[in-house]
There are 2 protein chains.
Amino acid sequence: MALDETLLPALLDQGLLIDTGVPGLYCRGAIFEDVLQRFDAFAGRALAAESPEVVRFPPVMPRRTLERSGYLKSFPHLAGTVFTYTGDEQGHADLLSRVEAGADWSSSQSMTEVVLVPAACYPVYPAVAAAGTLPPGGRTLEVASYCFRHEPSADPARMQSFRMHELVRLGEPSVVDAWRRSWITRGLELLGQLGLAVAEAPANDPFFGRGGRLLATNQRAAELKFELLAPIAQSAEGTAIMSVNYHQDHFGTIYGIRTADGEVAHSACLGFGLERVTLALLVRHGLEPARWPDEVRHALWESEATR
Amino acid sequence: MALDETLLPALLDQGLLIDTGVPGLYCRGAIFEDVLQRFDAFAGRALAAESPEVVRFPPVMPRRTLERSGYLKSFPHLAGTVFTYTGDEQGHADLLSRVEAGADWSSSQSMTEVVLVPAACYPVYPAVAAAGTLPPGGRTLEVASYCFRHEPSADPARMQSFRMHELVRLGEPSVVDAWRRSWITRGLELLGQLGLAVAEAPANDPFFGRGGRLLATNQRAAELKFELLAPIAQSAEGTAIMSVNYHQDHFGTIYGIRTADGEVAHSACLGFGLERVTLALLVRHGLEPARWPDEVRHALWESEATR
């Protein structure tokens, strides 16, 4: 799976992305951001067909949520925790002298009560649990936020900080399972409307360590994760631009979320990776959106005004 | 300066904000987020009159940018640094057992190359410097992002994670000074159009430690910072919902940014605190935007469709 090494230089050269000096961390130029916002609105109109409850979390969430969620078991190497300085003026002088000398100043920092959001839906589950037993048929929520994963990479499709737009479904197992399967088809249709040649594939998460290999095998065997892949910088099988994940009773058990009939709720989510969709569109149709096919431009730029 | 303690419970009760269990960290409900997005678009139309270069940074930036910026000298207690786990499987088992036991697991974490963005304009200056000498008349950039400040508070107007929408001006000293003064008046007009009774006041930043008192006095004496204040939860003088800051040659010197005639560039910025403006509107007009005065609803909800 070779990386097409011409894409990132082209994006930087044309100002679609701007380098920050840290691998996987980019400033978005006006054209990149406009495409992303237009796709976000396009996807949002499709998600709104489910009449979801709209909630928005900031890019940080309680550390307690990360600790309870199981994320640290599976992905400790991707999680970002937030530290700060809580010392006095003498300690501050020491901190500054270390910074000045280019020395390690990490020992001046203390862990706070917040961490970076690893996927847009993580803060949803405790909020849903706090609201009490689910109504019959469950709940559907729409979330979107910047997410963080510590995986510095030369692949522009693997950013450390990126946006996800998600729907989350909680309810009876049969309801949730049918819902997530239907969204694989709907995702293919939706992305196909934008001229993207998307392939569906069972997938697994990048679990940590040797034990992670077994988790990954089980996840694939149980068909819990599907990805919709489109060509970006990975030449062969493509990169996931949307994923549909079935958590079964994972979050329901952890947070004590119950269905109307008293069972442990199941949950699933679907998410669009907004930077990745933007990159897939740029790779498919070229780096000048003004010259994209009429039907794609109409879907992204003009449909809102005429709907 | 007493805090109105009825506002936050009302916001939570009506689902405008949703508690996360961490002071100063909230989920935004659909109504709160809609008002915020509408104001953001309203402000964006005013900022666009300057034809700024639009760039967007994620909510994390290179640690090196924080180290060079001077922020750690003035505000070490507010800065958020990002840590992660870089160890092996044995260390992972130890991390998990600490989490399980509710013990301190901070020693498992290592400092990464990224930090949280403390104000939307911080990542701009190194990017501008990298682009070379400014053109005659300088440059104007528009930025917006989630910002982080570690200051847990019971005041809903003092969130740990909040959004700023900013214009940044870099150029010759006289150009930058005139520009930032003009925006104090324009900010008052703009916010006044939304029915907000806004007061202008010289201000200072919350510098750290005893030495910070002198910095604050100097900043006020030189009239480098102005805030536009509106009533939110602080009963007396109001809370800053917009600020205009003149950095003089601070960033120009640090990053080596030069004007067309070879002098060190000056810089200034203006920023709207989007959550604070949203709160000020809710306090001024009530918690039900559907019942706000026609002229405010027109400015926020209908002007885009008819422009």
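The values are calculated or read from the model by the stated rules, or taken from the named source; none is laboratory data. All values derive from a computational prediction rather than experimental measurement. Ideal geometry is used to build each Cβ from the backbone, glycine not excepted, and the neighbour counts take in all protein chains shown. Remember, those area values only see protein heavy atoms, side chains included, never the ligands or the DNA or RNA. Shrake-Rupley method; radii C 1.70, N 1.55, O 1.52, S 1.80 Å.
Observations on the model:
- Accessible surface, per residue, of the protein assembly as shown when the full set of protein chains is kept, probe 1.4 Å, Å²: 40 Å²
- Shortest first, residue B:86 label-point distances to identical copies amount to 2.4 nm, with the label point at 7 Å from Cα along Cα→Cβ.
- Estimated 222 nm signal from helices in the protein assembly as shown, with DSSP H stretches of n ≥ 4 weighted -39500 (n - 2.57), rounded to 500: -11000 deg cm²/dmol
- Distance between the stretch A:80-104 and the stretch B:24-45 - C-alpha centres, whole angstrom: 34 Å
- In the assembly of identical copies, residue B:248 has its label point, taken 7 Å from Cα in the direction of the beta carbon, separated from the corresponding points by 6.5 nm (ascending, one decimal).
- Dimensionless Rg over Rh [chain A; C-alpha; Kirkwood]: 0.99
- Descending Cα extents along the principal axes, the stretch A:216-307, whole Å: 54, 38, 16
- DSSP-loop GluC sites (Glu not before Pro) across the stretch B:216-254, with at most 16 other Cβ within 10 angstrom: B:223, B:237
- Accessible carbon and sulfur surface of chain B relative to its total accessible area, %, 1.4 Å: 50 percent
- The protein assembly as shown - charge dipole about Cα centre, Lys and Arg +1 at Cβ, Asp and Glu -1, debye rounded to 20: 100 debye
- Inter-chain shielding of B:103-113 (mean C-beta neighbours from other protein chains, 10 Å cut-off): 5
- Test item: A:16-24 mean partner chain Cβ contacts at 10 Å: 5
- Convex hull projection area averaged over all views, the protein assembly as shown, Cα basis, nm²: 27.5 nm²
- Between copies, the label points at residue B:193 (set 7 angstrom from Cα along Cα-to-Cβ) are spaced 3.3 nm, reported in nanometres from shortest to longest.
- Mean partner shielding of peptide B:50-56, defined as the number of other chain Cβ atoms within 10 Å of each residue Cβ, is 4.
- Selection from A:6, A:62, B:193, by position along the positive dipole direction of the protein assembly as shown (Cβ): A:62
- For the chain pair B and A, the buried solvent-accessible surface (1.4 Å probe, both sides summed) amounts to about 4800 Å².
- Reachable lysines from residue A:225, criterion Cα separation under 27 angstrom, eight or more residues apart if same chain: A:73
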